[in-house]
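A.B. asks: Questions regarding the structure given below will be posed in turn.
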Amino acid sequence: MGNQSFDLEIGDIKFKNPVVLSAMGGINDSNFINQHANKAGLAFLGGYSIDQKTKDASKKIINRGREEFILDSPLDEILSEISNIKTGNAIGVNLRSTTLDPILDIASVFYSKKIVLELDAHCRQKEIVDVGAGEALLSDIKKLTYWIKKIKETGVVLSIKFRVNIIDDINFVKAVENAGVDIIHVDAMIPDEGSDLDALKKIRDITDLTIIGNNSITDFNTAKEMLSRGCDFISVARGVAENPSLISELVDDITQFQEELGWYNSPKHLCSGKGDLRSLTFCCVPVKPCALLYKLKKLGLAPQDFVEIKKEFGKGTMLEYGDSTCFGSLLWCCKISKPCFLRDGVLDLLELSPQEYMTLKKERGCQKLWGCKA
Ligand SMILES: Cc1cc2nc3c(=O)[nH]c(=O)nc-3n(C[C@H](O)[C@H](O)[C@H](O)COP(=O)(O)O)c2cc1C
Ligand code: SF4
Ligand code: SF4
């Protein structure tokens, strides 16, 4: 049985797949979304500058030759853009502002229309930062968390977009999670070097928030690397300009991967050094010195506690079977992507498909037991 459903839902917004068009000021309008993102699970319009100071900053940016959207009446013009989008998929809007009130006016309308509001704490254009918007918001976490609380009072689904390694990512994510944000849209940029996958893994390990991973995704392989660090979604921007069918290709490939594997963002094994906490669902009985012992120590778990926890989560499921495997049951078995005739023989006997095995590992895995998100 294939598992085609991505089961992606936040508040009352459903997402058909985990592929996102990331904001590009001056580029992402309704026409661009209709043409290049019609299969995306979520497409962001904008970014839009919505208060006087950021609007003036956008004009200055245009004067030096970079594309930007200029809106006289932001809410009306954004709603008009939204009504031109024919994809039927979820829509988000990326907003820049130096003050809270214009965001609040828009937030309550977005709530009623099931539009994701994305607060841009990411833009590095000098003119935007100089007036105190975009990345400048990261310099005052107290103000930012106050904004988040007020925006969330409207009920809107709220995303915050930021770049890693600007401030302490872990403290920042904990602060915005406590304030009530729903989504963190994480640009994992390493200057001139692609993306910081380790930063994403570390963020996954400390939060249950929905994560959109971003930067330098150009194909299925780069997308898969990010998904395996625990991102729920991946987003693309420049790649779409280079390859207009990128989103369509990613949706097809990731959907096929989900159908074949049953867990499209399954973690790497812990021993690879790239596995987030979710990877404990594939770990062995802790009997030898390996990365697991170090991880358990960090979690404050004795090896025997870990054994009991895993036994508990496998109780009453097919994972209890598998005498002929290394550790006596499928509970301790590896990811389906690791070839193993012992495990596969047991799956055949149990008439359990690879997808069902992976789904069990995900659902009965570590999420509730040691606080990480499957
Ligand atoms: C032309 C252009 C305009 C952008 N405008 C915005 C914006 O308004 N708001 C925002 O949050 N990010 C903006 N971004 C950043 C992208 O959304 C994305 O985070 C970044 O390009 C890295 O992803 P990529 O490697 O897929 O391009 C822009 C990027 C480009 C190339
Ligand atoms: S327990 Fe097994 S899978 Fe986990 S880190 Fe050790 S060797 Fe790797
Ligand atoms: S039987 Fe195969 S899948 Fe199971 S733990 Fe051993 S090597 Fe891994």
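A.B. asks: If you average the C-alpha positions of segment 202-254 and of segment 86-163 separately, how far apart do those two centres end up, in angstrom?
C.D. replies: 21
A.B. asks: Tell me the relative contact order for the chain as a rounded percent, counting alpha carbon contacts under 8 Å between residues six or more apart.
C.D. replies: Rounded, it is 14 percent for the chain.
A.B. asks: While we're looking at this one, here's another question. Angle, helix 101-113 long axis vs. longest principal axis of the chain, Cα atoms, 0 to 90°, nearest 10?
C.D. replies: 60
A.B. asks: Choose one of Leu280, Val236, Ala291: the residue whose Cα lies farthest towards the positive end of the charge dipole of segment 228-311 (beta-carbon charges +1 Lys, Arg; -1 Asp, Glu; about the Cα centre).
C.D. replies: Looking along the dipole axis, the top candidate is Ala291.
A.B. asks: Just to confirm the number: angle between the C-alpha axis of helix 74-83 and the first principal axis of the chain, 0 to 90 degrees, nearest 10?
C.D. replies: 50
A.B. asks: Right, next: Out of the DSSP beta bridges found with both residues in segment 8-261, what percent are antiparallel (nearest 5)?
C.D. replies: That works out to approximately 15 percent antiparallel.
A.B. asks: Mind checking the full-extension length gain between Lys311 and Ser272? Use 0.36 nm per residue of separation minus the Cα-Cα distance, one decimal, nm.
C.D. replies: Contour length minus Cα-Cα distance gives 11.6 nm.
A.B. asks: Over the Cα atoms of segment 270-370, Rg to Rh with Kirkwood Rh, two decimal places?
C.D. replies: Result: Rg/Rh = 0.94.
A.B. asks: Then there is this: What's the longest uninterrupted piece of the chain once you rule out the GluC sites (Glu not before Pro) that are loop residues per DSSP with at most 15 other Cβ within 10 Å?
C.D. replies: Answer from the scan: 194-350.
A.B. asks: Quick one: dipole size for segment 46-176, taken about the Cα centre, charges +1 on Lys/Arg Cβ and -1 on Asp/Glu Cβ, in debye to the nearest 20.
C.D. replies: Using only the charged Cβ atoms, the result is roughly 280 debye.
A.B. asks: Continuing with the same structure: Rounded if a/c is under 1.5, else prolate if a/b beats b/c, else oblate: with a ≥ b ≥ c from the C-alpha gyration tensor eigenvalues square-rooted, which is the chain?
C.D. replies: Because a/c hits 1.5 or more and a/b exceeds b/c, the chain counts as prolate.
A.B. asks: Using the Karplus curve 6.51 cos²θ - 1.76 cosθ + 1.60 with θ = phi - 60°, work out ³J(HN,Hα) for each residue of segment 25-35 in order, rounded to whole Hz, and write x for Gly and Pro.
C.D. replies: Residue by residue, segment 25-35 yields x, x, 10, 7, 9, 5, 4, 4, 5, 4, 7 Hz.
A.B. asks: Just list whichever of Lys16/Lys174; Lys295/Lys362; Lys202/Lys338; Lys114/Lys142 have alpha carbons separated by over 26 Å in the model shown.
C.D. replies: Over 26 Å apart, Cα to Cα: Lys16/Lys174; Lys114/Lys142.
A.B. asks: Same structure again: Give the long-range amide H neighbours of Leu45: residues separated by 5 or more places, or on another chain, with amide H under 5 Å away, using H modelled in the peptide plane at 1.01 Å from N.
C.D. replies: Residues meeting the amide H criterion: Gly92, Val93, Asn94.
A.B. asks: Let me know the charge dipole size of segment 270-370 about its Cα centre in debye, to the nearest 20, where only the beta-carbon of Lys, Arg (+1) and Asp, Glu (-1) is charged.
C.D. replies: With Lys and Arg at +1 and Asp and Glu at -1, about 580 debye.
A.B. asks: Using the Karplus curve 6.51 cos²θ - 1.76 cosθ + 1.60 with θ = phi - 60°, what ³J(HN,Hα) values do you get for each residue of segment 84-95, in whole Hz, with x for Gly and Pro?
C.D. replies: 7, 7, 9, 6, x, 9, 5, 10, x, 9, 8, 10
A.B. asks: Right, here's the next one. Hey, got the dipole for the chain? About the Cα centre, +1 on K and R Cβ, -1 on D and E Cβ, debye to the nearest 20?
C.D. replies: Dipole magnitude for the chain comes out near 980 debye.
A.B. asks: Moving to a separate point now. May I ask which residue of Ala57, Val19, Phe44 lies farthest towards the positive end of the charge dipole of segment 8-261, with charges of +1 (Lys, Arg) and -1 (Asp, Glu) on Cβ and the Cα centre as origin?
C.D. replies: Farthest towards the positive end: Ala57.
A.B. asks: In segment 79-97, which residues have a backbone nitrogen under 11 Å from the label point lying 7 Å from Asp29's Cα in the Cα-to-Cβ direction?
C.D. replies: 81
A.B. asks: Angle check, please: helix 354-363 long axis (alpha carbons) against the longest principal axis of the chain (alpha carbons), in degrees 0 to 90, nearest 10.
C.D. replies: That works out to roughly 70 degrees.
A.B. asks: Work from the charge dipole of the chain (Cβ charges, +1 for Lys and Arg, -1 for Asp and Glu, about the Cα centre) and give the residue of Phe257, Thr98, Met189 farthest towards its positive end.
C.D. replies: It is Met189, whose Cα lies furthest towards the positive end.
Here, each number is a calculation from the coordinates, and none is a lab measurement. Everything quoted here is computed from the prediction, not taken from an experiment. Positions of Cβ are generated from backbone atoms using ideal geometry, with glycine treated the same way; all protein chains shown enter the neighbour counts.
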